[in-house]
Amino acid sequence: MKAGKIQDQLGRPVRDLRISVTDRCNFRCVYCMPRQQFGAGHAFLPRRDLLSYEEITRVARAFVGLGVKKLRITGGEPLIRHELHHLVYELAAIPGVEDLSMTTNASRLTREMAHTLKDAGLKRVTVSLDALDDRTFMAINDVDFPVGKVLAGLENAEAAGLAPIKVNMVVKRGVNEHSIVPMARFFHGTGHILRFIEFMDVGHSNGWRLDDVLPATQVVEQINSELPIEPADPNYRGEVARRWRYRDGGGEIGVISSVTQPFCRECARARLSAKGDLYTCLFATDGHDLRHQIRDRRLSDAELQDHIASIWRRRADRYSQIRTEHTVNLPKIEMSYIGG
Ligand code: SAM
Ligand code: SF4
Ligand code: SF4
């Protein structure tokens, strides 16, 4: 097939590929990998089931041929995967990749690691941090991991030039909503972009209830009353986070209102799980097994690209727009597996 742009059933191109490199994590965030479900008895993927770096690169290259410009490495915790910089190096070398980033909990982002990743071609990182006080943060990560070590990882990323850095804060009502303004104050004027994410009903293990979602409008109100903000234009069409800028020139924040103001109409994002399943929606119940196509059917690069194109052309997902009590209870795939 001739490489080029493709569209799904709703006229959406594919621009963005998220690559999960592992389903494992050293945290047990209550909204993602709650200890009750991801305890000692949990069966993580055996190593042979994971796509190799070479296989991931083949899939990424096929996507880039179909219009993808942005790649993001995620997980699980991506820095748990051995020698991640080898993958970064391969992905950065694909012609047509304009942005290569990684989402991480920063627990393993040492100074050396940050430089190694930068040298391999990583452009920037997003660091997840849900509170500034240890009590709240430890209650969320559930492994007693202190805030200071995440901030140290963030500083290492900054020193290595993995910037601009985004900071993801998942807001759960009654759990960390008191951290909204302190987090905003802390990152105001630093050049880091704090993004508030509504707690989502990904997977089926995090006990999601609509009552636990603090609507993004309330986040904006809280911040605006302390640090006045005004809306800013999106950086590009289909940007997931709505941008707000501080009126005093102290930078910007983003709010991701996937639950209360869904953005499916513009969703141009594909997700590749650690074992090679392609998901065309964060809330999908089924993936498309690309590992089988690569390992067993031994598709050529051109055939693989054709195969992916045919999946994308059939895509009609718009889960967040049609979220109902029924869909919330469907057996959706877990965030740690599919990648956030
Ligand atoms: N372990 C890495 C990290 O935490 O940054 C990368 C993977 S994590 C699944 C990616 C992002 O998804 C994180 O920023 C996390 O906060 C977010 N996330 C996980 N579960 C979520 C949920 N139920 N609702 C909203 N965001 C969630
Ligand atoms: Fe791990 Fe990230 Fe999920 Fe937290 S959000 S459990 S750090 S994968
Ligand atoms: Fe995209 Fe699915 Fe999220 Fe809608 S619900 S924005 S289609 S990932």
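The values are calculated or read from the model by the stated rules, or taken from the named source; none is laboratory data. What you see is a predicted model; the values in this text were computed from it and never measured. Glycine also receives a Cβ, built like all others from the backbone with ideal geometry; neighbour counts cover every protein chain displayed. Keep in mind that these areas ignore ligands, DNA and RNA; they rest on the heavy atoms of the full protein, side chains included. Shrake-Rupley method; radii C 1.70, N 1.55, O 1.52, S 1.80 Å.
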**OP:** Name the residue, out of V175, V171, V219, that is part of a strand (DSSP E or B) and in contact with a helix residue (DSSP H, G or I) (Cβ under 8 Å, 6 or more places away or on another chain).
**Re:** V171
Original post:
Across segment 264-313, what is the number of residues that are within 13 Å of A62 (Cβ to Cβ) and either under 17 Å from the mean Cα position of the chain (by Cα) or of a type outside the set (S, T, Y) (or both)?
Top reply: 20
Original post:
Out of segment 251-273, which residues are of a type in the set (D, E, K, R) and within 16 Å of ligand 2 (Cβ to nearest atom)?
Top reply: R271
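For (1) open to solvent by 30 Å² or more (accessible area, probe 1.4 Å); (2) closer than 30 Å to I308 by Cα; (3) away from ligand 2 (no atom under 16 Å from the Cβ); (4) over 21 Å from the mean Cα position of the chain (by Cα), each residue gets a yes or a no:
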| position | (1), (2), (3), (4) |
| --- | --- |
| K70 | yes, yes, yes, no |
| I73 | no, yes, no, no |
| L91 | no, yes, yes, no |
| T103 | no, yes, no, no |
| S128 | yes, no, no, no |
| A131 | no, no, no, no |
Subject >> strands (runs of 3 or more DSSP E) within segment 234-310 that include 3 or more residues open to solvent by 30 Å² or more (accessible area, probe 1.4 Å) >> reply: 242-246
**OP:** Could you grab me the full set of residues in segment 64-81 that are assigned to a loop (DSSP other than H, G, I, E, B) and away from ligand 1 (no atom under 16 Å from the Cβ)?
**Re:** L66, G67, V68, K69
Original post:
Hey, does segment 21-31 have a residue that's within 13 Å of ligand 2 (Cβ to nearest atom), open to solvent by less than 40 Å² (accessible area, probe 1.4 Å), in contact with a helix residue (DSSP H, G or I) (Cβ under 9 Å, 6 or more places away or on another chain) and modelled with pLDDT under 95?
Top reply: yes
**OP:** Identify the single condition in (1) more than 16 Å from ligand 2 (Cβ to nearest atom); (2) within 19 Å of W312 (Cα to Cα); (3) open to solvent by less than 50 Å² (accessible area, probe 1.4 Å); (4) not in a loop (DSSP other than H, G, I, E, B) that R61 does not satisfy, given that it satisfies every other one.
**Re:** (3)
